[in-house]
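First comes the structure, then the notes that go with it.
The values are calculated or read from the model by the stated rules, or taken from the named source; none is laboratory data. Nothing here was measured: the structure is a model prediction, and the numbers come from that model. Methodologically, a virtual Cβ is constructed for each residue, glycine included, from the backbone with ideal geometry; neighbour enumeration extends over all protein chains shown.
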Amino acid sequence: MEVGVKDSGVEHIVIDNLQFLLGAGDGAFVERFQRQDHYVQELRAFATEKGTHVTIVAHPRKEETGRLLSINSLYGGGKISQEADNIMFLQVDSSTSIPKKYLQVGFCLHFTSYYFFFVDITTKMM
């Protein structure tokens, strides 16, 4: 990541997905959560130091069918929600005859419509 930011001018890094990146490991759940917390803290420090934006895809805990996601749904999400500038949920509302999918902003520290913009497919992506 550091080379991408320094040498190529990368401004936005996407980590998909956090749980897979950290791996199952040999340890118990507590150790997994500690590794996740440490990694999220390191990513926050990196983003702040380098002036980049880091997006982390973190899958939610299993919820009841039909229940909408919230910050409490984040799998081991204490540190994730503390370190985040923005938390967004991809929601599926199946309470209607035709299920609707939408993006819900669950927490926003610095959020404006400026962050959502079209990028031409010919733009170089890293």
Exercise for the section: Tell me, please, whether a residue that is among the small types (Gly, Ala, Ser), surrounded by 11 or more Cβ atoms within 10 Å (Cβ to Cβ), modelled with pLDDT of 80 or more and closer than 25 Å to residue 23 by Cβ can be found in the stretch 88-104. Expected result: no
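Let's see how each residue does on (1) loosely packed, with under 12 Cβ neighbours inside 10 Å; (2) assigned to a strand (DSSP E or B); (3) in contact (Cβ under 8 Å) with a residue 40 or more places away in the chain; (4) under 18 Å from the mean Cα position of the chain (by Cα):
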site	(1), (2), (3), (4)
5	no, no, yes, no
15	no, yes, yes, yes
21	no, no, no, yes
32	no, no, yes, yes
35	no, no, no, yes
41	no, no, yes, yes
45	yes, no, no, yes
64	yes, no, no, no
69	no, no, no, yes
Problem - Filter pass, residue 42 being touching a strand residue (DSSP E or B) at 6+ places or on another chain (Cβ under 9 Å) and more than 20 Å from residue 104 (Cα to Cα) - result: no
Practice task
Hey, can you tell me all the residues within the stretch 52-62 that are part of a strand (DSSP E or B) and hydroxyl-bearing (Ser, Thr, Tyr)?
Solution key: 55
Practice task
Could you run through the stretch 71-93 and say how many residues are in a loop (DSSP other than H, G, I, E, B) and aromatic (Phe, Trp, Tyr)?
Solution key: 1
